[in-house]
Ligand SMILES: [Fe+2]
Ligand SMILES: [Fe+2]
């Protein structure tokens, strides 16, 4: 029987990124629910988790995925990559801003609402336009790239937890808890408990 870690290790780069997108989209839905119920604490949990996910995802694409694609890209794909870079600048700026804005600030919710709109637009372009073109690149080994990205994702998650205040000896366990936590609230608490 194939273990979970084996199938995860052989996940190709596009599948890995699409999984990230789906996870973030779930968080956006959770935010809308919390907003409807006026549950401030739940909103904060979702925002904390979503920003952690988006930060790691953005770095993965900018450090590994986009450069690997750019090496093989034709003009049309290069244009899409350039647009993606610009969109990432806006998303990254909002993620950074949300780490500084306080929960009771009315801009907190507004920043996240705009962030959700930007991300949804960007994800749609990646999944509908960029990724299908990337899949056609014959000389790009998406499995090998996926493996490198998964390793880097683990590292970045570790960095994130270190910055969130985890002690070095707790990082591995916390990382495992973050990966295992499917529910955004549980995951957000894992991060916040150590701040
Ligand atoms: Fe992206
Ligand atoms: Fe993406």
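FYI, it's all coordinate maths here, none of it is from the lab. Note that this is a predicted model, so its numbers are computed, not measured. In this analysis, Cβ positions are derived from the backbone assuming ideal geometry, glycine residues included, and neighbour counts consider all displayed protein chains.
One table, with the values for the structure above:
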item	result
Region 88-113 and region 9-54: distance between their alpha carbon centers, rounded to Å	15
Theoretical gain in end-to-end length, residue 154 to residue 121 [0.36 nm per residue, Cα-Cα removed]	9.2 nm
For peptides 83-95, 10-22, sequence by mean Cβ density within 10 Å, most packed first	10-22, 83-95
For region 4-192, diffusion coefficient by Stokes-Einstein and Kirkwood Rh (Cα), 20 °C, 1.002 mPa s, µm²/s	123
Packing-based order for 48-57, 119-128, using average beta carbon neighbours within 10 Å, highest first	48-57, 119-128
Residue order, fewest to most surrounding Cβ atoms within 10 angstrom, among 76, 169, 35	169, 76, 35
